[in-house]
1. Write out the GluC sites (Glu not before Pro) in segment 90-186 meeting two conditions: DSSP loop, and at most 15 other Cβ atoms within 10 Å of their Cβ.
2. Mind ordering 156-168, 36-48 by average Cβ neighbours within 10 Å, highest first?
3. For a quick check: with amide H placed at 1.01 Å from N, whose amide H comes under 5 Å from I129's, ignoring anything fewer than 5 positions away on the same chain?
4. Search the structure for amide H atoms under 5 Å from the amide H of K199, placed 1.01 Å from N in the peptide plane, and list their residues when 5 or more places away or on another chain.
5. Kirkwood Rh over alpha-carbon pairs of the chain, then Stokes-Einstein at 10 °C and 1.306 mPa s: what D in µm² s⁻¹, rounded to an integer?
6. Working out 0.36 nm times the residue gap between V58 and D124, then minus their Cα-Cα distance, what length gain in nm do you get to one decimal?
7. Counting only other residues whose beta carbon sits under 14 Å from that of G169, what net charge do I get with K and R as +1, D and E as -1?
8. Hey, for a label at H139 modelled as a point 7 Å past Cα toward Cβ, could you say which residues of segment 86-103 have their backbone N under 20 Å away?
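Since every read-out is calculated from the coordinates, none of them should be taken as a lab result. The structure presented is a predicted model; accordingly, all values stated were derived computationally and were not measured. Backbone-built Cβ (ideal geometry, glycine too); neighbour counts: all protein chains shown.
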Amino acid sequence: MDEIRQYFDEITQDQATRLHLYEQELLQWNAKINLISRKDTSSFKMHHLLHALSIAKVVTFKKDTTIMDIGSGGGLPGIPLAIYFPNVHFHLVDSIGKKAMVLKEICSILNLQNVTVWHNRAEDVDVKIDFVICRAVAHMSKIIHWSKNKFNNHSKNKFPNGYFCLKGGDLTHELEDTKKKFKKILLSEMFDNEYFNEKFILYTKA
């Protein structure tokens, strides 16, 4: 976990153990079900765990915050963040049955009490949330459409309720389509690794 502790030295031994176990479980499942690129598994800690945890460098979610991870797939970014924020509740949503099954198995093995897994489309999940998180799962206009009526009215965090999405590349036209104002947080300013060049977190209010 040296790659993680370099940037998150506050991580406890229990959290480090769970992150390591998550890596083991996900890579085992990935040999059977395509959850992440198989060309990228040797750099899992840097390219996946650290990437997911980058959101925790931007915002410290307060206790009892509720978050939906849309298109969670193998649990990114939701599971690493659920390990990091044990007092925050995460709804991991995926419309593909095999992926939802894997998420349930992994969360059970990790004993993540603060996670609910949904095999459903995001727009059909009946929950109220404070934030949406996602990792390059779809066009921002779709993500906003799928979740637009799900946000709590009252904000209790430093950031107003809204979206923290991991994205990369040129999104000029994609963001113009949403008619929203976005804050772009560059990951290259957080992490000293070329993988994070042209990668960023997009934040916008609900």
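1. Qualifying residues, ordered by number: none.
2. 156-168, 36-48
3. The answer is F151, N152.
4. L187, S188
5. For the chosen part, D equals 93 µm²/s.
6. That pair, V58 and D124, stretches by 20.9 nm at full extension.
7. So the environment of G169 carries a net charge of +1.
8. Label zone hits: 95.
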